[in-house]
Each structure stands twice: as structure tokens, then as C-alpha cells.
1. Among the residues of the stretch 24-49, which ones are touching a residue at least 60 places away in the same chain (Cβ under 8 Å) and not aliphatic (A, V, I, L, M)?
2. Got a number for residues in the stretch 124-153 being assigned to a helix (DSSP H, G or I), crowded, with 17+ Cβ neighbours inside 10 Å and of a type in the set (Val, Ile, Thr)?
3. Out of all the residues in the stretch 60-81, is one or more more than 15 Å from Leu190 (Cβ to Cβ) and touching a residue at least 12 places away in the same chain (Cβ under 8 Å)?
4. Looking at the stretch 16-72, which of the residues that are in contact with a Gly (Cβ under 6 Å, 6 or more places away or on another chain) and part of a loop (DSSP other than H, G, I, E, B) is surrounded by the fewest Cβ atoms within 10 Å (Cβ to Cβ)?
5. Does any residue of the stretch 190-203 turn out to be over 12 Å from the mean Cα position of the chain (by Cα), open to solvent by 40 Å² or more (accessible area, probe 1.4 Å) and modelled with pLDDT of 90 or more?
6. For Leu113, all conditions in the list (1) outside any loop (DSSP other than H, G, I, E, B); (2) touching a helix residue (DSSP H, G or I) at 6+ places or on another chain (Cβ under 8 Å) hold save one; what is the number of the exception?
7. Looking at (1) touching a Ser or Thr at 6+ places or on another chain (Cβ under 9 Å); (2) modelled with pLDDT of 90 or more; (3) in a loop (DSSP other than H, G, I, E, B), which is the one condition that is false for Tyr76?
8. Which count do you get for residues in the stretch 168-185 that are assigned to a helix (DSSP H, G or I) and either open to solvent by 40 Å² or more (accessible area, probe 1.4 Å) or more than 17 Å from Lys85 (Cα to Cα) (or both)?
Amino acid sequence: MEWWQALLLGLVQGLTEFLPVSSSGHLIIFKELLGISGDGFLDFTITVHLATVLSTVIIFRKEIWQLIIGFFKFCYNDETDYVLKIALSMIPVAIVGFFFKDQVETLFGSGLLIVGISLFVTAALLLLSDYVKITSVKEHRNGISYIQALLVGIAQAFAVAPGLSRSGATIATGLVSGVKRDKIAQFSFLMVLAPIIGEQLLDLI
């Protein structure tokens, strides 16, 4: 990969990460257009995701700091509740990362067919979230229950497929399961921090 190709792919990543359109899917589309080899492309994708994750840390720095302070008070407060729900949501993607990484790498090298199908699935999920919502009379702590957090985590695990938007899948799943839009948007962006940063640390080790 040439330096200008890496720069262009980084721009694509930055422009699409915070939109529910699948940044990884668009990276693969541009990889095919530029004729870039698929060897090590998954690692490159994770690395540029780390850059956008770091920008997420900056945006949510106050919320993250409050969560850290509250969690280390070692009592079951709102912050501890939120951190535990985030931890629960990370279990499905951790299972995929530990046991199915080779299969995921195969998907990233399978060309545009999988990407195209996944983009249609993303569009269908977003459309579904506008029409189908499960209403609950119970107000959950921090606006999301443990069951909803797990469902959103499962959606994130499926979104490792290129073209299936992670933010689109998680936000749509949260909306359908009854989480309010502002609550699931913040939860969606915070829940990805540990998996991406953890994957980078494992690669460095």
C-alpha cells in the first residue's frame, strides 16, 4: 500500500465512522477501486478505527472521566451500573474476536459481494428502527437495561462483517428494543472503545 492510498483510506474512514453507513465497508470498496492487496487489510482497518476511537474519547472525555470516578467508588451507583452494562455488551464481540478472527479476515478479503449485501442489511435495519419499537412502561437505570445492552452487544458482534454498519446496527437494535435515541447513541459510541483499544494492544503485544 502506498502512502497516498493509506491517506485516502484514512479520509474515507474519518468521513464515514460517525455515520451509520459502515466505514469498513467503504474502506473495502475503495481498496478494490485502488487495487490494494488484501494482505493485512483487517489490521489496517482496525488501526484506522483506533484513530476515530481516540477522537470519540476526546468528545466523551467528561462522561468517561465521570464513569471512571464513579466506578472506583466501589458501590453500585449509576456509573457502576453503566460500566457493567458496557462490559456485558462487549462479551459477544470478544467471543467473535477470540474464536472467529480468521473467518472475519476471510470476509474482509471476499470482495464486494458481502459488502453489498451487508449495506442492504444496514439500510433495512435503519428503516426497521423507524417503524418498529418495543415500548416499555418501566424506566431502566441509565435508560438501558441489561437485556437491551446484551442485544446491542450481539448486534455489534454481527457488525464485524464488512458493510454492516456497527453504529447503524447497534443504534437500530437499541431503538427497536425500546432505548431512547439519545441514550443508545451515546452507549453505542462508548461500547466500542474497549474492543478496539484492546485489539490494538493485543496486536502490539
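The values are calculated or read from the model by the stated rules, or taken from the named source; none is laboratory data. Given the structure is predicted, the values throughout are model-derived calculations rather than measurements. So basically every Cβ, Gly included, is an ideal-geometry build from the backbone, and we count neighbours across all protein chains shown. Just so you know, the surface numbers come from the protein's heavy atoms only, side chains and all, with ligands and any DNA or RNA stripped out. Shrake-Rupley method; radii C 1.70, N 1.55, O 1.52, S 1.80 Å.
1. Scanning the stretch 24-49 gives Ser24, Gly25, Glu32, Gly38, Phe41, Asp43, Thr45, Thr47, His49.
2. Of the residues in that region, 1 qualify.
3. No: zero hits.
4. Initial filter on the stretch 16-72 (in contact with a Gly (Cβ under 6 Å, 6 or more places away or on another chain)): 20, 22, 25, 38, 48.
Right, trim to part of a loop (DSSP other than H, G, I, E, B) and you get 20, 22, 38.
Values: Pro20: 19, Ser22: 27, Gly38: 15.
Result: Gly38.
5. no
6. (2)
7. Of the numbered conditions (1) touching a Ser or Thr at 6+ places or on another chain (Cβ under 9 Å); (2) modelled with pLDDT of 90 or more; (3) in a loop (DSSP other than H, G, I, E, B), the odd one out for Tyr76 is (1).
8. Selection size over the stretch 168-185: 7.
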